Amino acid sequence: MKEYKNKINELDAHKKEIVKMVKAGCTQKEITEKFGRFGFSEPSEVSKMVSRIKERLLQYKQELQKQTMYKEGLPGSSLDIVNSLLDALEQDEKENGWIPIDERLPDPDKHILVSFFNFSLPMIGRYTVDDDDGGTFRVGDEDESFVEHDLYVNAWMSLPEPYEKD
């Protein structure tokens, strides 16, 4: 359990330092130079790492809730720290908007924005499901898939609502 507390404290210290840098007006580049990209070069790898951190934090939360000495809402308690980190991750997901395909697939036939493992610009596409419940990401309204163009989807997000003049 002490190992978990040390990891949680370490993550919390990094979070606090990053928040201070943001408030001081540091750029994303300066923050990345200081903390790096956690040793990953691909955004998809970072997304996988974040998913693993979130999963581990949820495990810690369950373990801490089983212990009677940790009560939710006590300032500085391990459970309180885990909850604040989970809240921060959830907020980041809302602000970033990208949903990795290994976490969740989009609703079929709805237009979405897709990101790729091997291409830096996102595109509009849709996800289709066949009779065998297999799925394919397709280019816009076309029948061709992104795979046919050697583009491999790693994440997606909903499109914003169309502009309407007031």
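The values are calculated or read from the model by the stated rules, or taken from the named source; none is laboratory data. In this text the structure is predicted, and so the values were computed from the model without any measurement. As a convention, Cβ positions derive from the backbone with ideal geometry for all residues, glycine included, and neighbour counts pool all protein chains shown. Just so you know, the surface numbers come from the protein's heavy atoms only, side chains and all, with ligands and any DNA or RNA stripped out. Shrake-Rupley method; radii C 1.70, N 1.55, O 1.52, S 1.80 Å.
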Once neighbouring chains are kept in place and the probe is 1.4 Å, which whole percent of the accessible area of region 77-140 is contributed by carbon and sulfur? 48 percent
FRET efficiency, 1/(1 + (r/R0)^6) with R0 25 Å, evaluated for residue 83 and residue 21 via beta carbons: 0.60
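I need the peptides 121-134, 143-156 ranked by packing, meaning the mean over residues of other C-beta atoms within 10 angstrom, with the highest value on top. The partial results should precede the final answer.
On the way: 121-134: 12.5, 143-156: 15.9.
By packing density, highest mean first, the sequence is 143-156, 121-134.
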Taking amide H atoms as placed 1.01 Å from N in the peptide plane, list the residues 5 or more away in sequence, or in a different chain, whose amide H sits under 5 Å from that of residue 101. 155, 156
Residue 111 to residue 66: FRET efficiency via 1/(1 + (r/R0)^6), r the Cβ-Cβ distance, R0 45 Å, to the nearest 0.05? 0.55
